[in-house]
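Chemist: Please find one structure pasted underneath; my questions will follow.
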Amino acid sequence: MAMRFDRFTEKAQEAILRGQELVQGAGHAQLDPEHLLLALLEQEDGIVPRLLTQLGAPVPALRGRLQAELERFPRVQGAVPEGLHISPRLRQVFEVAQGEAQRLRDQYVSTEHLLLGIIEAGGPAAQILREAGAARDAVYAAMQEVRGGQSVTDPNPESKYAALERYGRDLTALA
C-alpha cells in the first residue's frame, strides 16, 4: 500500500513533520512510532491528548516516559541523513492507520487513526499507552464519543469534533 501523505489530515502531517524534527534533534537514524506518539502528545489542541485525557491517561507523564524511551535509542555518528527515513514499525503504523480510516469510511487519515496504528504495531510506544489504560478498544470507544459519529471528510476535521462541547452551553447546568 503506497503512502499518500496528501490523504493525511493537517494535524497528522504536522505530527509526522514534528516527529522528523525530533529524530534530527536527537540524532536518531529513523522515524519510529515513539517519535510520532510524542509529536501527537505535543499537539495540545489535537484530538490525541483529548482522547487520552478522557481515558484517564496522564499526558504529561506519558510524554516523560516517551522522552526517556527515546533517550535509549541509538544515535547516528556524524551527519544525520537528510529526508524522511521511516522505520518498518512506523510503516506498519501508517498501514494500520490507513486501514482504520477506510474501515470507518473516512476520506483522510487522521491523528486518531495514527494512535490506533501505534497501539496495533506494538513496541515501546504501544506498551506505554497500554499501561496507561489506552488499549485499542478503549481508545476506539473514546474516539467514537469525541467524534460524535462524524466522518473525516476534509484535511482539518479536528476543529469540528466536540464543537458542541466547546461552543455550546449546558442549559440544564445553568438553570
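Taken together, the values in this text are just the output of simple stated rules run on the coordinates, not laboratory data. These numbers come from a predicted model, not from an experiment. Because the Cβ atoms are built from the backbone with ideal geometry, glycine has one as well, and the counts that use them run over all protein chains shown.
Chemist: Using 0.36 nm per residue of separation minus the Cα-Cα distance, give me the extension gain between Glu95 and Gln150 in nm, one decimal.
Modeler: Gain on stretching Glu95 to Gln150: 17.6 nm.
Chemist: Using per-residue counts of other Cβ atoms within 10 Å, averaged over each peptide, order 86-93, 56-63 from highest down.
Modeler: Put in order of decreasing packing, that is 86-93, 56-63.
Chemist: Can you tell me the length gained on complete extension of the stretch Gln127 to Glu10, counting 0.36 nm per residue apart and subtracting the Cα distance?
Modeler: Contour length minus the Cα-Cα distance gives 39.5 nm.
Chemist: So, one more: Given a Förster radius of 22 Å and the C-beta distance between Thr53 and Gln77 as r, what FRET efficiency does 1/(1 + (r/R0)^6) yield to the nearest 0.05?
Modeler: Computed FRET efficiency for Thr53 and Gln77 comes out at 0.05.
Chemist: While we're on this one: For the range 62-75, in order, what is each residue's ³J(HN,Hα) by Karplus, 6.51 cos²θ - 1.76 cosθ + 1.60 with θ = phi - 60°, in whole Hz (x at glycine and Pro)?
Modeler: 4, 4, x, 5, 5, 4, 5, 5, 5, 4, 7, 5, x, 9
Chemist: Using modelled amide H (1.01 Å from N, peptide plane; none on Pro or chain starts), what sits under 5 Å from the amide H of Leu31, excluding residues fewer than 5 places away?
Modeler: Sorted by chain and number, the residues that satisfy this are His85, Ile86, Ser87.
Chemist: What percentage of all Cα-Cα pairs in the range 5-174 are separated by more than 28 Å?
Modeler: Values: 2959 of 14365 pairs.
Tail fraction, whole percent: 21.
Chemist: Continuing with this model, one more query. Would you calculate the separation in nanometres between label points at Glu120 and Asp137, each defined as 7 Å from the Cα along the Cα-to-beta-carbon direction?
Modeler: For the pair Glu120/Asp137, the computed spacing is 1.7 nm.
Chemist: Check Val109: other-chain or 5+ apart residues with amide H under 5 Å from its amide H, H built from backbone geometry?
Modeler: Distant-sequence amide H within range of Val109: Phe8, Thr9.
Chemist: Please give the charge dipole size of the range 5-174, origin at the Cα centre, charges +1 on K and R Cβ atoms and -1 on D and E Cβ atoms. Round to the nearest 20 debye.
Modeler: With only Lys, Arg, Asp and Glu charged at Cβ, the dipole is about 220 debye.
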